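Structure first, commentary second.
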Amino acid sequence: MTATRPFLASLALGLACSSPDDGREPLTADEVAPVAETYATMVALNYAETYASAQSLRDALGDLVATPSEATMTAARAAWLAARVPYDQTEVYRFYDGPIETVEGRLNAWPMDEAYVDYVEGLPDAGIINDPASYPTIDVALIRSLNEAGGETNIATGYHAIEFLLWGQDFDPNGPGARPSSDYDDSGSGTAANQDRRGDYLLAAGDLLLADLSSVVIAWDPAQPGTNYRAEFLAAEPEEIVRRILLGMASLSGAELAGERISVALDTQDQEDEHSCFSDNTHRDIVDDARGIQNVYEGRYGSSVGSGIYELVAARDLALADRLRAEIQTSVDLAEAIPAPFDRAIIDHRDAVEATVEALRTQTDSIVEAAALLDIQLAIE
Amino acid sequence: MIGPLHRLAVLGLGLLVLASACTSDEPTPEPDEALAGGATTVFESGARAFTLSARNLADEHESAFFVGNSFFNKNWVIAPSSTTARDGLGPTFNARSCSACHFKDGRGRPPLTDDEPMLSMLVRLSIPGETDHGEPLAEPNYGGQLQPDAIEGVPAEGRVRVIWTELPGSYADGEPYSLRSPSLEFSELALGPLADDVLTSARVAPQMIGLGLLEALPESTILGFADPDDLDGDGISGRPNSVWDPIREATVLGRFGWKANQPGLRQQNAGAFSGDLGISSSVHPEQNCPAPQAECASASVGGEPELSDDLLTDITTYTRLLAVPARRDVDDPEVLAGREQFHALGCADCHVPRLETGELAGFPEVSNQVIWPYTDLLVHDMGAGLADGRPDFEAEGSEWRTPPLWGIGLFAVVNDHTFFLHDGRARNLAEALLWHAGEAEPAMQAFRSAPAGDRAALLRFLESL
């Protein structure tokens, strides 16, 4: 990354005299249009699948609360894990003030305030669930209101709140948390207290997740009448469109994934300093985040195939386009190769984790280089 | 005696600028004045302008920067928690993360309504007198600042709201303005009324940019600006604050905080972790629980200390290496005219534009840089209107540190507001200028008396910082 910084500075200084003889030509609308179309289509599809998988999750949560059993618990956990796959791939659409930013804090915030929500080891009466006097009714309105003041709230909603309520705290060094389904059994033979309120919390968290995802689906929906974010995005200046796409890729790749999500855990070596700490699913989060970057670069998501950033870069510098393609593939492969669970890997398989960080940083540098080639200045962390 | 000479040197620089302006009839930008943070400078003027790393970030600091960033931005959680590295919030606290107040590494503000809790602002408390180390004496029941929040099972200390009184005034040309003066109203106090002789001071969270550069300024540079007895007779008697350093266990020069009451970033960060978040560290190993607060003292803790030395180091690295955004519109004629006003009115006497950093060991990024922070890091008497009446080490109740001005033009885009001064009382830059009194009275009066066009140009210049 260091190599690119002085380069950026010199680029910025060069702006004053903006010499066109460096081979860089501004992006044209014709050039960008197919890439922008592909991107918008792909984002809409990805969010639609994310919503559908969250709906399946909500159904499974309903089954668990209605009929708590190991079978319904297992099904709910499977639905949560399945819902993370499309969601993780949408994370590359963050970091440029798109519609996801208004709800991301409620959807995917971390670290989760466990003792604020439910009992934890040593504090059997902790949390909103076990405090009917202060919080007589647990519903969507309550948990939304508890999360509305930006950074000034305990984190008590979203995927990781649901994850905590399904798995519980993870005290197994080799496996995930093991909350019993009887935590939801309010027949009198259940475990822990306030099983009915725990069920209310779980369902409310599922409903809020759906509501928040729905707002993003609508913002990107091509069939939405009137002006939504998608329409605004496609009408933006060509270089602004590409800047947003690249900013999402480079920010997720570098500061977020290589930095925040992996380096920080490597550095602190704290077993649960990882995003999906209750379910031990962090290794899959990393892989699908990396695949999200690949999707955007290649211009494909599932059955949707079109023009990606690759095409834009290749038209000007084929060698760079192919190199970045290979680097992104390497990152995905190395992320896949991190032995699960991640909370053991940061201790026992540090080489594998560090190699992934290195690959992500390398590709981040190349994304910045590609941006410069397209005459776009990318200010990343 | 060094002080006045130093100031002459600065003046000389200003004359040089003016002189070079004469040759072309128009003032021109100095070659490097857009590069506010020297080689750290980042070219970003959007909402993320304060969040980016020094552009010359050394490879060996990359990891620490990201780790520090994570621990600065993410919420701390209640102990015990699975995320053991991040638990230990409270028992009482002002915020759950550094970024709650320094949102996007930017500037805090007072609440906009009576109902809005005080989020990015806090109230310091003390009683008259000082400790053996010269620091203010804590309020006996509530400690050194009011913590309006607490973890479950522990009473929060209380609430405070700001009541504003409008003070109408007018420029010399008759154009009216109104300033608002704050007073504090405490309520829901868990341990009864505050001490009769309590001293209070409300402060907003300052922007985080360029702090490592300020830490790298040679002590001699700062002391060189000092003129405590106003020997040069310019009416300005900047003084260094001398403060207790809990790490070196000595009294040293203060640089950070609204009254320059912190000697360095590591100390400042450890102090904020203890006071604002309730997180203990090797610098402040005790939980922040004043003696009468029994529930606070018996609450569960997240480790001893809750913040490891390694993490404190990473967070300090992070706070040292946030880039300063480049200035905008440096060659705009109105901005250049405003720059002339800035010097002519005497603003630059304290808000010293250009400084050179020395060596900060282990941090080549911020060492030996030419920077444009617009501060002398000294405390100055700012008059009765701005005074909090609460001494802080050597700084008197009416004295405040000259705050750096870099980045002030970007608060609107980074933090969606234009509140200025230590308690955010000024609603725009003009009000901030009009509050200047004490040593700055002549400069303020010159602004008040200036033609509207000159005033507008000065404000345009400030917005370009």
Inset, instruction - Grab the DSSP H runs of chain A that are 4 residues or longer, score each as -39,500 (n - 2.57), total them, divide by all residues and round the 222 nm result to the nearest 500 deg cm²/dmol. - result: -18500 deg cm²/dmol
Inset, instruction - Report the FRET efficiency, 1/(1 + (r/R0)^6), for A:Ala71 and A:Glu336, where r is their Cβ-Cβ distance and R0 is 35 Å, rounded to 0.05. - result: 0.70
Legend entry - Semi-axes of the equivalent ellipsoid for the stretch A:180-259, Cα gyration tensor, largest first, Å: 43, 20, 6
Inset, instruction - Would you mind getting the Kirkwood hydrodynamic radius of the stretch B:163-220 from its Cα pairs, rounded to one decimal in Å? - result: 16.5 Å
Legend entry - 222 nm mean residue ellipticity, helices alone, for chain B (DSSP H n ≥ 4; -39,500 (n - 2.57); rounded to 500): -7500 deg cm²/dmol
Legend entry - A:Tyr87, B:Tyr318 arranged by Cβ crowding within 10 Å, fewest neighbours leading: A:Tyr87, B:Tyr318
Inset, instruction - Take the alpha carbon atoms of the stretch A:320-345, find their center, do the same for the stretch B:428-465, and report the distance between the two centers in whole angstrom. - result: 56 Å
Legend entry - Degrees, to the nearest 10: A:70-90 long Cα axis against longest axis of chain A: 20 degrees
Inset, instruction - Could you give me the percent of Cα pairs per 5 Å distance bin for the stretch B:49-181, shortest bin first, beginning at zero and ending with the bin that holds the maximum distance? - result: 2, 8, 11, 13, 15, 15, 13, 10, 7, 4, 2, 1, 0
Inset, instruction - Can you give me the P(r) profile for the stretch B:268-372? Cα pairs, bins 10 angstrom wide beginning at 0, each as a whole percent. - result: 12, 26, 21, 19, 15, 6, 0
Legend entry - Shielding by partners - mean other protein chain Cβ count within 10 Å, residues of B:55-63: 4
Inset, instruction - Please express the shape of the stretch B:330-395 as an equivalent ellipsoid: the semi-axes are the square roots of 5 times the eigenvalues of the C-alpha gyration tensor, given largest first in whole angstrom. - result: 26, 24, 8
Inset, instruction - Determine the shielding of peptide A:253-263 by partner chains: average, over its residues, the number of Cβ atoms on other chains within 10 angstrom of each Cβ. - result: 3
Legend entry - Hull volume in cubic angstrom per residue (convex hull over the Cα atoms of the stretch B:327-436): 144 Å³
Legend entry - Over the stretch B:128-278, volume per residue of the alpha carbon convex hull, in Å³: 199 Å³
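Can you work out D for the stretch B:26-84 in µm² s⁻¹ from Stokes-Einstein, where Rh is the Kirkwood radius over C-alpha pairs, the temperature is 25 °C and the viscosity is 0.890 mPa s?
Calculated translational D: 168 µm²/s.
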Legend entry - Candidates per GluC sites (Glu not before Pro) in the stretch B:314-423, loop by DSSP, up to 14 other Cβ within 10 Å: B:Glu359
Legend entry - Inter-chain shielding of B:34-44 (mean C-beta neighbours from other protein chains, 10 Å cut-off): 3
Legend entry - the stretch B:230-304 - Debye-derived log10 I(q)/I(0), Cα point model, q = 0.20, 0.23 Å⁻¹: -0.89, -1.03
Legend entry - Cβ-based net charge around B:Pro206, under 11 Å, with every Lys or Arg adding one and every Asp or Glu removing one: +2
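Could you tell me the convex hull volume per residue, in Å³, taken over the Cα atoms of the stretch A:281-325?
57 Å³
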Legend entry - Measure of compaction for the protein assembly as shown (Cα Rg per 2.2 N^0.38 Å): 0.97
Inset, instruction - List every residue whose amide H lies under 5 Å from the amide H of B:Ser280, counting only residues 5 or more places away in sequence or on a different chain, with H placed 1.01 Å from N in the peptide plane. - result: B:Glu306, B:Leu307
Legend entry - Rounded tilt (10° steps) of A:4-14 against the dominant C-alpha axis of chain A: 50 degrees
Inset, instruction - Please turn the phi angles of the stretch B:302-315 into ³J(HN,Hα) values with the Karplus equation 6.51 cos²θ - 1.76 cosθ + 1.60 (θ = phi - 60°), one per residue in order, whole Hz, x for glycine and proline. - result: x, x, 10, x, 6, 10, 6, 4, 4, 5, 4, 5, 5, 5
Inset, instruction - Going by C-beta contacts inside 10 Å, put A:Ser263, B:Ser300, B:Ser308 in order with the fewest on the left. - result: B:Ser308, B:Ser300, A:Ser263
Legend entry - Spin-label pair B:Glu185/A:Asp317, simplified geometry with 7 Å Cα→Cβ offset, distance in nm: 6.2 nm
Inset, instruction - Tabulate in residue order the Karplus-calculated ³J(HN,Hα) for the stretch B:197-204, using 6.51 cos²θ - 1.76 cosθ + 1.60 with θ = phi - 60°, rounded to whole Hz; enter x for Gly and Pro. - result: 9, 4, 10, 10, 8, 8, 9, 8
Inset, instruction - Could you tell me the distance between the Cα centroids of the stretch A:81-108 and the stretch A:201-274, to the nearest Å? - result: 3 Å
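Just to check, using Stokes-Einstein with a Kirkwood Rh over alpha carbon pairs, what's the diffusion coefficient of the stretch A:227-325 at 25 °C and 0.890 mPa s in µm²/s?
D, rounded to a whole number, is 158 µm²/s.
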Inset, instruction - Can you pull a Stokes-Einstein diffusion coefficient for chain A at 20 °C (1.002 mPa s), Rh from Kirkwood over Cα pairs, as a whole number of µm²/s? - result: 97 µm²/s
Inset, instruction - Compute the projected area of the convex hull of the Cα atoms of the stretch A:283-381, averaged over all viewing directions, and report it in nm² to one decimal place. - result: 6.8 nm²
Legend entry - Relative counts (whole %) of C-alpha pair distances in chain B, using bins that are 10 Å wide: 4, 20, 32, 27, 13, 4, 0, 0
Inset, instruction - Diagonalise the Cα gyration tensor of the stretch A:315-364 and give the resulting equivalent ellipsoid semi-axes, square root of 5 times each eigenvalue, largest first, whole Å. - result: 27, 9, 6
Inset, instruction - Tabulate in residue order the Karplus-calculated ³J(HN,Hα) for the stretch A:318-333, using 6.51 cos²θ - 1.76 cosθ + 1.60 with θ = phi - 60°, rounded to whole Hz; enter x for Gly and Pro. - result: 4, 5, 5, 4, 5, 5, 5, 4, 5, 5, 5, 4, 4, 4, 4, 4
Legend entry - For B:Trp258, B:Trp406, order by how many other beta-carbon atoms lie within 10 Å, fewest first: B:Trp258, B:Trp406
Legend entry - Simple spin-label estimate for A:Thr102 and B:Ala446 in nanometres, 7 Å along Cα-Cβ: 4.8 nm
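Laboratory data are not the source of any read-out in this text; all were calculated from the coordinates shown. What you are looking at is a predicted structure, and each value in this text was computed from that prediction instead of being measured. Positions of Cβ are generated from backbone atoms using ideal geometry, with glycine treated the same way; all protein chains shown enter the neighbour counts.
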